[in-house]
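Following: one structure in structure tokens, then a few remarks.
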Amino acid sequence: MADITKVMVVEIGNIEKLGPKDKSVVEKLGPKDKPAAGPTCTTIVFGYDNKNASNACSNYSGGTTADYYHDESTDKMYSDSCGGTEASEGYYANGDGYRFYNVSTSTLGNVIGACRSDRRLKHNILFKEYSELDIPIYEFEYINKSDGIGTYVGTMAQDLIKLGMHEAVTLDADGYYSVHYNKIDVDFRKV
């Protein structure tokens, strides 16, 4: 078999095999090294706030979110595309809870805490229905506007404790409960 020395008018990305070899195992094409692979990212939807975890949770539940791109091999996070502009330092929240992204170390930390869902922090509470797991779902407003402005749908941490779903509830340092909504079948959202 003859060696291929020149391929014209064909982009390398369109080639599936080079002779009997898959292109993924080819290290050199003529005198040039195979191009280095770029980052492989997972897209995650987050609410963000640069200073306050509670605001990040409110932004997530209120729909003020954006797609972020997390390269798990380097732990770096990007705000516009995989390998693009590095994300800003601050708090990022989703259904898992909230975490902190540190720009100086380019690391997305583990979940620090859950988003606040304590009955004592809410008013104008109206029962709506039960989820498939028999978790009560309510419509409510937060008393303190720093926890969220407007009407929300979710559950109460105290109900989860009564139902024995302790793994979905955390007790914050200030004595209020938060809920990891990713561990239950109820969505936390702004109406």
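The values are calculated or read from the model by the stated rules, or taken from the named source; none is laboratory data. Bear in mind that the values here come from a model prediction, so they are computed numbers and not experimental data. Quick reminder, even Gly has a Cβ in these numbers, built from the backbone with ideal geometry, and neighbours come from all protein chains shown.
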Look at Asp159 and say whether it is surrounded by 19 or more Cβ atoms within 10 Å (Cβ to Cβ) and not assigned by TED's automatic domain parsing to the domain that holds Cys57. yes
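Residues checked against (1) touching a Ser or Thr at 6+ places or on another chain (Cβ under 8 Å); (2) surrounded by fewer than 15 Cβ atoms within 10 Å (Cβ to Cβ):
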position: Cys41; (1), (2): no, no
position: Gly47; (1), (2): yes, no
position: Ala53; (1), (2): no, no
position: Gly62; (1), (2): no, no
position: Tyr68; (1), (2): yes, no
position: Asp71; (1), (2): yes, no
position: Gly84; (1), (2): no, yes
Matching residues in the range 82-103 - criterion: being in contact (Cβ under 8 Å) with a residue 40 or more places away in the chain, of a type outside the set (A, V, I, L, M, F, W, C) and farther than 24 Å from Ile161 by Cα: Gly83, Ser88, Gly90, Tyr91, Tyr92
Going through the range 104-141 one residue at a time, which ones are of a type in the set (D, E, K, R), in contact (Cβ under 8 Å) with a residue 24 or more places away in the chain and surrounded by fewer than 16 Cβ atoms within 10 Å (Cβ to Cβ)? Arg120, Lys128, Glu132, Asp134, Glu139
Subset of the range 123-143 (residues that are at pLDDT below 95 and over 25 Å from the mean Cα position of the chain (by Cα)): Ile143
So is Tyr78 surrounded by 13 or more Cβ atoms within 10 Å (Cβ to Cβ), closer than 24 Å to Lys183 by Cβ, aromatic (Phe, Trp, Tyr) and in contact (Cβ under 8 Å) with a residue 24 or more places away in the chain or not? no
